[in-house]
Amino acid sequence: MYSHLPTNIKSLILDMDGVLWKGDAAIGNIPATFEQIRKRGLKVAFVTNNGTQTPGQYVERLARLGVGIEPWQVVTSALGVADLLATRFPPGGSIFAIGGEGVMAALLAKGFTLLGVSEAENARAVVIGLDLHINFEKMREATLLVRRGVPFYATNPDKTFPTPRGEIPGAGAWISVIVTATGIEPIYAGKPSPYLIELARQRLGTIKEETLVVGDRLETDIAGGQAAGMPSVLVLSGVSSREQAMAWRPKVDMIAEDLAQLVA
């Protein structure tokens, strides 16, 4: 296990929730942390299973915290699930999607037609992500479609979502309702699938051994980094604990209290 940031690392792939912030609260001094990253000459990309917002919205959020980035640096599970659908269905296909603005914008950008509850039965695929306005009608239609054999996709399996008050239901919690009602698991775009992490690495232009994956959740961030064949660091500022990390297999490459400690 590393005791400090390896000298060969040239790029960081950072999770957001639990690494940069919890809910609306920043974790530590974000501008100072990113100034240290800049001084080290590290490239940065962000990979988040939270597909509720668009890359542009994440750029704006970081700007409000005093950090300037570009949209290409942000890879969300919403972008990933839209990419997956685009490889299987032609543009203009009808999709019944449950999710936030990030999911809807990503699907529209790929040319898909989004159906509401009243038109859901005509969907060619079902997509589920974290929806802060979830209701029974949406869940009912998704269940009926999946039981009928309509292809089932999801942004990410995160069961909870970290906030300053504690963990609340994440996309995976709602997805599990559909799985329970249908017996069918979705195709996931987000971590622990390596798809998003590999896409971010390609954008950064560094080889796997020089690209460090940083996250707060073992079963998604760390598992995803390991599946992608990249070194991984667990920060203890979010969901998973040190005790859980010590028991994790394969072993975590490094554990840090937070992002600031990692790049100090």
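The values are calculated or read from the model by the stated rules, or taken from the named source; none is laboratory data. Everything numeric in this text was worked out from a predicted model, so none of it was measured. When we count neighbours, we look across all protein chains shown, and the Cβ atoms used for this are built from the backbone with ideal geometry, even at glycine. The area values use the complete protein model at the heavy-atom level, side chains included, leaving out ligands, DNA and RNA. Shrake-Rupley method; radii C 1.70, N 1.55, O 1.52, S 1.80 Å.
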Checklist line | Residues with amide H under 5 Å from that of Ile187, placed H, sequence gap 5 or more | finding: Phe152, Tyr153, Ala154
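Between Glu257 and Arg203, what is 0.36 nm times their sequence separation minus the Cα-Cα distance? Round to one decimal in nm. Intermediate values should be presented prior to the final figure.
Working: separation 54, 0.36 × 54 = 19.44 nm, distance 2.76 nm.
Answer, rounded to one decimal: 16.7 nm.
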Note to self: For segment 1-135, take every pair of Cα atoms, bin their distances at 10 Å starting from 0, and report each bin as a whole percent.
What the structure shows: 11, 36, 27, 18, 7, 1
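Excluding Thr54 itself, calculate the net charge of residues whose Cβ lies under 12 Å from the Cβ of Thr54, where each Lys or Arg counts +1 and each Asp or Glu counts -1. Walk me through the numbers before you get to the answer.
Details: positive: Arg61; negative: Glu60, Glu101.
Net charge around Thr54: -1.
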Next item on the list: For the chain, give the percent of accessible area contributed by carbon and sulfur heavy atoms, probe 1.4 Å, rounded to a whole number.
Entry: 53 percent
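Rounded to the nearest 500, what is the 222 nm mean residue ellipticity of the chain from helices alone, with -39500 (n - 2.57) per DSSP H run of 4+ residues and division by all residues?
Details: 10 runs with 91 residues, N = 264.
It comes out at -10000 deg cm²/dmol, rounded to the nearest 500.
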Next item on the list: May I ask you to derive the relative contact order of the chain, considering only C-alpha pairs under 8 Å and at least 6 residues apart, and to give it as an integer percent?
Entry: 23 percent
Item checked: Principal axes of segment 58-105: Cα extent on each, largest first, Å -> 40, 19, 15
Margin query: Going by Cα centres, segment 221-245 and segment 160-197 are how many Å apart?
Written below: 17 Å
Margin query: For segment 1-119, give me the percentage of DSSP beta bridges that are antiparallel, rounded to the nearest 5 percent.
Written below: 15 percent
Next item on the list: Skip the ligands, DNA and RNA, and give the accessible area per residue of the chain with a 1.4 Å probe, whole Å².
Entry: 44 Å²
Next item on the list: Take every Cα-Cα distance within segment 125-215, group them into 5 Å bins from 0 onward, and report for each bin the whole-number percent of pairs it holds.
Entry: 3, 12, 21, 19, 14, 12, 10, 6, 3, 0
Checklist line | Leading residue at positive end of dipole, segment 82-205 (Cβ point charges), from Gly205, Val150, Ile175 | finding: Gly205
Notebook entry, point to check: Under 5 Å between amide H atoms, partner at least 5 residues away or on a different chain: which partners does Ser232 have, H built in plane at 1.01 Å?
Noted result: Val213, Asp253, Met254
Checklist line | Spacing of the two label points (7 Å from each Cα toward its C-beta) at Arg61 and Thr7, in nm | finding: 3.7 nm
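Share of antiparallel DSSP beta bridges in segment 137-264, in percent to the nearest 5? Numbers along the way, then the final one.
Working: 4 of 12 bridges.
For segment 137-264, the DSSP antiparallel bridge percentage is about 35.
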